[in-house]
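Values quoted throughout were computed directly from the atomic coordinates according to the rules given, and no laboratory measurement underlies them. These numbers were taken from a predicted model, which means no experiment stands behind them. All Cβ positions, glycine included, derive from the backbone under ideal geometry; neighbour counts span all protein chains shown.
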Amino acid sequence: MDDINFAVLGTGGIGRRTLEVSTHKDGLTPVAACDRHGVAVNHDGLDVAELLDATEGNIAGDGTGDTDSETRANDDRVTDGGTAVKQHGDGAGIVASTQGTPTETPIDDIIDESEDIDAVLLALPNLEHDFIPRIAERFADAEFEGVLIDVLKRSRVIGMLDEREATLTDAGITFVCGAGATPGLLTGAAALAAQSFVEVEEVEIWWGVGLKSGYEDNRGTVREDIAHLDGYDIETAREMDESEIEAVIEAHDGVLEFDDMEHADDVLLERAGICDGDDVTVGGVLDIRQDEKPTTTTVRVTGRTFDGERGTNTFQLDDATSMAANVNGPALGYLKAAVRRNRAGDYGVFGPAELMPGF
Ligand SMILES: NC(=O)c1ccc[n+]([C@@H]2O[C@H](COP(=O)([O-])OP(=O)(O)OC[C@H]3O[C@@H](n4cnc5c(N)ncnc54)[C@H](O)[C@@H]3O)[C@@H](O)[C@H]2O)c1
């Protein structure tokens with residue numbers, strides 16, 4: 001396969017690691033990246049090592065995906081407990097890199113360069129449900145022909161992308177949604193595990209994440225997960241200030257447990273014809289204070305075989321594999337699969353299970 005030039009929107013916890021993992025994969029050249037305040041573009045290839053050094057502990061964002069850069073640009077609060085790490089304001093994020101330039105329109109700046117970009121990975125917070133679908137529309141309006149891929153989690157966003165499918169198809173865009181770990185790797189694993197059965201009764205996804213870098217480096221992920229806790233939703237989580245987030249983490253001793261989450265694995269498995277979305281459950285445990293996973297990530301698919309047996313196929317991730325490895329390896333793997341489809345003229349909206357053996 002020919003080389004792939006790609007861009008990353010959002011260089012927070014996920015986006016930074018996307019760039020790093022891509023340097024270990026064949027044929028992937030990162031040519032553009034942006035965060036809320038800055039953009040870096042080099043069509044010959046970004047210097048990933050320099051960009052990562054410059055943004056270490058220095059993510060421009062608070063995990064809300066706020067589009068209101070005016071107020072943020074003048075906000076230079078130090079939010080890391082008093083050390084000198086900048087999270088907001090002048091010099092935060094990509095603009096700290098020698099490759100970065102400040103901008104108030106980071107996404108439009110990438111869209112302006114998109115004629116020479118094959119694929120764009122969206123590693124943005126999704127605390128406004130239609131944030132990512134609206135960005136997809138902007139790429140389509142600009143006549144981008146290529147791949148868009150996100151790692152979003154919420155079930156209802158998939159419907160919003162489906163509503164825009166005709167626009168995306170007409171533009172020549174292949175959009176892969178929910179292509180991180182869960183949804184993503186684990187959805188694909190469930191689709192594979194289901195192949196033994198002629199009827200799938202239940203899919204149980206149970207994840208464990210230990211975030212060695214904690215809240216500071218994974219603001220979008222942690223804030224969005226808090227929205228799944230009892231008593232919270234996406235609006236309340238978006239409005240919380242940093243001290244309120246820290247207080248929730250403190251009240252749970254750093255360990256947040258989630259049952260029956262609204263994760264898109266259900267709609268993504270249903271749209272691939274694997275099972276009914278109602279038969280899919282997702283839960284897990286997030287430990288924000290240590291590297292070790294609090295529980296082993298497991299996918300259990302229970303079904304009936306053609307010859308009358310009932311069984312459960314189980315897929316487990318090794319506890320040694322980090323969230324960053326399990327989101328970004330698959331995201332870039334799905335990106336490559338999507339570029340193959342796009343180059344073959346296959347456009348529209350796809351989930352990770354649709355890129356696996358059919359059911
Ligand atoms: N599917 C999965 O398995 C999985 C796992 C982990 C995280 N995620 C998702 O990945 C996403 C990113 O999480 P994170 O922890 O990296 O977030 P983060 O807060 O660390 O980083 C977000 C980045 O987006 C940038 N950004 C925000 N608003 C922007 C705007 N309007 N324009 C341009 N850039 C903007 C910020 O500056 C920052 O660089 C979240 O939606 C999270 O839920 C998915």
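Listing for the model above:
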{"item": "Kirkwood Rh, Cα atoms: Rg over Rh of region 133-199", "result": "1.07"}
{"item": "Average silhouette area of region 193-260, convex hull of alpha-carbon atoms, in square nanometres", "result": "6.3"}
{"item": "E202 long-range amide H proximity, modeled H, under 5 Å", "result": "T302"}
{"item": "Vicinal HN-Hα couplings computed from phi for region 231-242 (Karplus, 6.51 cos²θ - 1.76 cosθ + 1.60; Hz; Gly/Pro x)", "result": "x, 10, 9, 4, 6, 5, 5, 5, 7, 5, 8, 4"}
{"item": "Distance histogram for region 3-44 (every C-alpha pair counted, 10 angstrom bins, percent rounded to whole numbers)", "result": "30, 59, 11, 0"}
{"item": "Stokes-Einstein diffusion coefficient of region 294-359, Kirkwood radius over Cα pairs, 37 °C, 0.692 mPa s, in µm²/s", "result": "222"}
{"item": "MRE, 222 nm, helices only [DSSP H, n ≥ 4, -39500 (n - 2.57), over the chain, to nearest 500]", "result": "-9500 deg cm²/dmol"}
{"item": "Derived scalar couplings ³J(HN,Hα) [region 164-169; Karplus, 6.51 cos²θ - 1.76 cosθ + 1.60; whole Hz; x for Gly, Pro]", "result": "9, 4, 4, 4, 5, 4"}
{"item": "Region 191-206 residues near the modelled R304 label - backbone nitrogen below 16 Å, point 7 Å along Cα→Cβ", "result": "196-203"}
{"item": "Semi-axis lengths (Å, descending) of the ellipsoid that matches the C-alpha gyration tensor of the chain", "result": "31, 26, 17"}
{"item": "Estimated vicinal HN-Hα couplings, Hz - region 92-106 in sequence order (Karplus 6.51, -1.76, 1.60; Gly, Pro = x)", "result": "8, x, 4, 5, 6, 7, 5, 8, x, 10, x, 7, 9, 10, x"}
{"item": "DSSP bridge pairs, the chain: antiparallel proportion in percent, nearest 5", "result": "45"}
{"item": "Interchain or long-range residues, amide H under 5 Å from V39's placed H", "result": "T101, T103"}
{"item": "Taking all pairs of distinct alpha-carbon atoms in region 185-320, Kirkwood radius in angstrom", "result": "16.1"}
{"item": "Distance between region 187-264 and region 19-61 - C-alpha centres, whole angstrom", "result": "26"}
{"item": "Long-range amide H partners of T297 with built H, under 5 Å", "result": "G208, L317"}
{"item": "Total charge dipole magnitude, the chain, about the Cα centre, Cβ charges on Lys, Arg, Asp, Glu only, Debye to nearest 20", "result": "900"}
{"item": "The chain - percent relative contact order, Cα under 8 Å, separation 6 or more", "result": "21"}
